[in-house]
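The values are calculated or read from the model by the stated rules, or taken from the named source; none is laboratory data. Quick caveat: nothing in here was measured; it's all calculated off a predicted structure. Every residue, glycine among them, receives a Cβ derived from its backbone with ideal geometry; neighbour counts consider all protein chains shown. To get the accessible areas, we keep the full protein, side chains included, count just its heavy atoms, and leave off ligands, DNA and RNA. Shrake-Rupley method; radii C 1.70, N 1.55, O 1.52, S 1.80 Å.
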Amino acid sequence: MIGRLAIVGLGLLGGSVAKAARADSLAREIVGIGRNPTTLAPALAEGAVDRVTTELREGLSGADMIVLATPVATLERLMPAVWQAAPPETLITDVGSTKAAIVRVAEALSAKRPQDFVGSHPMAGSNLSGFAVSRADLFRSATIIVTPTEATVPDAAKRVTQFWEAAGGRVVTMDPASHDRAVAAISHLPHLVADALVAAVARMDPQFFDVAARGFKDTTRIAASSPTVWREIFEENRDALAEAVAAFRSTLDDLELLLRSGDAARIEAELERIRVIRERLR
């Protein structure tokens with residue numbers, strides 16, 4: 001059990017970390033840290049945390065483990081202050097959706113003031129945001145990517161892995177660069193494609209939305225997410241996302257050419273090949 005768990009940011013992910021830690025008795029004390037007392041109040045009222053504060057140094061004082069759950073752009077700016085405020089030998093992890101830049105910052109800071117940091121990324125979320133939609137079971141059966149490097153202390157990686165497993169997650173280990181390429185393909189590209197689908201229909205004829213059924217709505221659900229959050233994610237992972245977009249564009253071009261050929265057998269064979277690949281995701 002963790003003595004004192006400090007969570008910086010109590011939105012969907014940070015709030016769910018707090019609720020999971022409370023529900024599964026992962027920490028004796030849980031401290032919530034944020035910028036706005038109003039947004040912190042519900043977590044305290046629900047008992048997800050034992051106390052809240054807007055003062056980073058106060059919130060991190062005495063912490064045995066720190067979970068950084070702010071948006072990725074905010075996180076990078078915040079990390080120097082976290083390093084200054086965190087007690088020695090505190091274990092630090094995060095929930096950011098990009099890893100390479102965050103890990104570089106952490107390792108640069110650790111070179112000056114040694115601190116155990118291991119990057120994490122729960123593959124769990126929603127197009128909704130905020131503490132109100134957080135829940136204790138968010139990480140149950142979810143994939144959690146942990147991104148240690150050669151500089152990571154093995155025991156720190158083990159402890160972070162144990163934390164996420166205790167919260168119900170299935171932990172997968174990847175290096176930060178591979179993580180960013182993978183999530184660009186399976187998370188960031190689909191979001192961009194959902195945005196493009198909505199924009200394409202609007203360009204053709206906005207009245208077509210009047211007859212949109214569940215298939216279109218399910219496919220484009222994530223396009224209703226926060227533009228600010230996703231702009232930051234796209235910017236943070238621009239190189240890997242550009243690679244994914246190029247692969248998608250090339251594949252779409254190939255499918256368009258195949259459709260224009262009118263070769264029914266080849267079209268069906270390609271759709272079957274794709275169907276088989278998709279079936280393996282079950």
TODO: Select, from V160, V95, the only residue that is among the β-branched types (V, I, T), in contact with a helix residue (DSSP H, G or I) (Cβ under 6 Å, 6 or more places away or on another chain) and surrounded by 15 or more Cβ atoms within 10 Å (Cβ to Cβ).
DONE: V95
Task: Breaking point among (1) under 27 Å from N36 (Cα atoms); (2) without any contact (Cβ under 8 Å) to a residue 40 or more places away in the chain; (3) among the hydrophobic types (A, V, I, L, M, F, W, C), for A111 - done: (1)
Open item on the list: Go through segment 57-88 and report how many residues are over 22 Å from H121 (Cα atoms) and outside any loop (DSSP other than H, G, I, E, B).
Closed with: 5
- [ ] Name every residue in segment 9-30 that is within 18 Å of R57 (Cα to Cα) and open to solvent by 10 Å² or more (accessible area, probe 1.4 Å), in order of residue number.
- [x] G9, L10, E29
TODO: Hey, can you tell me all the residues within segment 122-157 that are in contact with a strand residue (DSSP E or B) (Cβ under 9 Å, 6 or more places away or on another chain) and of a type in the set (D, E, K, R)?
DONE: D155
Open item on the list: Cβ-Cβ under 6 Å, sequence separation 6+ or interchain: first residue in segment 199-222 and outside any helix (DSSP H, G or I), partner open to solvent by less than 60 Å² (accessible area, probe 1.4 Å). Which pairs?
Closed with: T220/A194; T220/V198
- [ ] Test S226 against the stated conditions and say whether it is surrounded by 13 or more Cβ atoms within 10 Å (Cβ to Cβ), among the hydroxyl-bearing types (S, T, Y) and in contact with a Ser or Thr (Cβ under 6 Å, 6 or more places away or on another chain).
- [x] yes
Open item on the list: Which residue is nearest to N127 (Cα to Cα), if the candidates are limited to segment 196-223 and must be of a type in the set (A, V, I, L, M, F, W, C), open to solvent by less than 80 Å² (accessible area, probe 1.4 Å) and in contact with a helix residue (DSSP H, G or I) (Cβ under 7 Å, 6 or more places away or on another chain)?
Closed with: I222
